[in-house]
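Q: Dropping the structure in here first, questions after.
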Amino acid sequence: MHSPLIVDCDPGVDDAIALLLALAPAHPLPLLGITTVAGNVPLALTHRNARKICALAGKPETPVYAGCPRPLLRSLATAEEVHGATGLQGADLPKPVGTAPTQHAVDFLISQLLNAAEPITLAVLGPLTNIAVALIQSPQIAKNIKQLVIMGGARGQGNITPSAEFNIYVDPHAAHVVFTAGIPTVLFTLDTTHQVLTTPERLKRIQAIGNPVATAAAGMLAFYGQGDRNIYNLPGGPLHDPCVIAYLLNQDLFTTKQVPIAIETTGEQTIGRTVIDWYGEAPSTVQVADTVNAEGLYELLIDALASYS
Ligand code: BDR
Ligand code: CA
């Protein structure tokens, strides 16, 4: 039995695949809504991209709330500036349907959490700005968050600087607020997501499904894979954000360890570093993912994409 869910995201191709996993008919999750934040691309694009994915998934009525257009303290450093990307390349996606809700994402998060009949899970796939602002504005929401399941950080090398992973680097101050709130959290760092590679063989299996959603997903993944393969010399692009949704669907795909974590917010070379004390014994509410059954995760994703008509 899944708890009610809100997905906070910044699509982004891997966010888009995560949303298609969350919206799939194969295993419907009780999704209350999607909130978007500036990250991979500016807010207007992440919001529009999330609505396009809902339309592609045949669920255009899914409410998508636009949130914070920039980090708490830093100026926005989007992947668009770094990679020249516009968000979702590689597929012809349908236009968003209808009109988007006008409520701010932070207000939506707070109202849902304050009025929750049961605790809500937050799946967080981008910079942590929306979640931090909600916690600052209304700290009492913390008790109604069942768990935060977050993609971000690195135990080893970062991907935007040698020290930092993109989501945490963009808004390290927000990450500090979130990771010091004492909320049960599961964190998927690059060390785990780089085990989940869209190899040519796996991409072919997705292409072979043949329905419009899977074809669009394959188009995006083919495009997305190229950049990471070149940079990291990997046999396929890492599927970061889908790890979060895969965990909600099947925790057994992963091993995790409960460890202390702190966010570096001041170091000139190290800002955005997730300082994870892998052998530490200090109390912590954070489980950091370690290993993943990548083959099982792709089976889950392929089943999900195949379940679209
Ligand atoms: C994270 O950064 C974004 O570019 C991806 O969508 C993912 O959430 C990986 O570092
Ligand atoms: Ca993301």
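The values are calculated or read from the model by the stated rules, or taken from the named source; none is laboratory data. From a predicted model like this one, the values you see are computed outputs, not experimental measurements. Here Cβ is always computed from backbone atoms with ideal geometry, including for glycine, and neighbour counts include all displayed protein chains. Side chains are part of the model used for accessible areas, which takes the heavy atoms of the whole protein and leaves out ligands, DNA and RNA. Shrake-Rupley method; radii C 1.70, N 1.55, O 1.52, S 1.80 Å.
Q: Which peptide among 119-126, 250-257 comes first, and what is the full order, when sorted by highest mean count of other Cβ atoms within 10 Å?
A: 119-126, 250-257
Q: I would also like to ask the following. Quick one: dipole size for the stretch 183-309, taken about the Cα centre, charges +1 on Lys/Arg Cβ and -1 on Asp/Glu Cβ, in debye to the nearest 20.
A: Here the size comes out at about 400 debye.
Q: A follow-up question, please. Report the gain in length on full extension from residue 180 to residue 115: 0.36 nm times residue separation, minus Cα-Cα distance, nm rounded to one decimal.
A: Details: separation 65, 0.36 × 65 = 23.40 nm, distance 2.34 nm.
Fully extending the segment from residue 180 to residue 115 adds 21.1 nm.
Q: Taking R0 as 51 Å, what's the FRET efficiency between residue 211 and residue 268 from their Cβ-Cβ distance, rounded to 0.05? Walk me through the intermediate numbers first.
A: Numbers: r = 49 Å, r/R0 = 0.96.
Efficiency, from the Cβ-Cβ distance: 0.55.
Q: Could you give the size of the charge dipole of the chain about its Cα centre, using +1 on the Cβ of each K and R and -1 on the Cβ of each D and E, expressed in debye and rounded to the nearest 20?
A: Details: 16 positive and 25 negative charges, 103 e Å.
So the dipole magnitude of the chain works out to roughly 500 debye.
Q: Computing the accessible area with a 1.4 Å probe over protein heavy atoms, can you report the carbon and sulfur percentage for the chain? Present the calculation step by step, with values, prior to reporting the outcome.
A: Details: 6340 of 12090 Å².
Carbon and sulfur atoms account for 52 percent of the accessible area of the chain.
Q: Considering only the chain, what is the antiparallel percent among its DSSP beta bridges, to the nearest 5?
A: Here the share of antiparallel DSSP bridges comes out near 25 percent.
Q: How high is the relative contact order of the stretch 194-294, in percent, with contacts defined as C-alpha pairs under 8 Å that are six or more residues apart?
A: Details: 131 pairs, mean separation 26.7, N = 101.
Result for the stretch 194-294 is 26 percent.
Q: At R0 = 22 Å, how high is the FRET efficiency between residue 257 and residue 146 if r is their beta carbon distance? Nearest 0.05 is fine.
A: Details: r = 20 Å, r/R0 = 0.92.
E(calc), rounded to 0.05, equals 0.65.
Q: Let me ask something additional. Considering only protein heavy atoms, what per residue accessible area in square angstrom results for the stretch 5-306 with a 1.4 angstrom probe? Numbers along the way, then the final one.
A: Working: 11580 Å² over 302 residues.
Heavy-atom accessible area per residue stands at 38 Å².
Q: Could you give the length gained by full extension between residue 26 and residue 201, i.e. 0.36 nm per residue of separation minus their alpha carbon distance, to one decimal place? List each step's numbers first, then the result.
A: Values: separation 175, 0.36 × 175 = 63.00 nm, distance 2.26 nm.
Once the chain is fully extended between residue 26 and residue 201, it gains 60.7 nm.
Q: I've got another one for you. Give me P(r) over the chain, computed from all C-alpha to C-alpha distances, binned every 10 Å, as integer percentages.
A: Reading upward from the zero bin: 7, 30, 39, 21, 3, 0.
Q: Pulled fully out, how much extra length does the chain show between residue 231 and residue 278, if you take 0.36 nm times their separation in residues and subtract their Cα-Cα distance? Working shown, then result.
A: Numbers: separation 47, 0.36 × 47 = 16.92 nm, distance 2.69 nm.
Between residue 231 and residue 278, full extension yields an extra 14.2 nm.
Q: Which order do the peptides 144-150, 154-160, 184-190 come out in when sorted by mean C-beta neighbours inside 10 angstrom, highest first? Don't skip to the answer; put the middle values down first.
A: Working: 144-150: 21.0, 154-160: 17.9, 184-190: 22.6.
Highest mean packing first, the order is 184-190, 144-150, 154-160.
Q: Another question, if that's okay. Eigenvalues of the Cα gyration tensor times 5, then square-rooted: what semi-axes does that give for the stretch 1-79, in whole angstrom, largest first? Each step should come with its number before you reach the end.
A: Values: eigenvalues 108, 32, 21 Å².
Result for the stretch 1-79: semi-axes of 23, 13, 10 Å.
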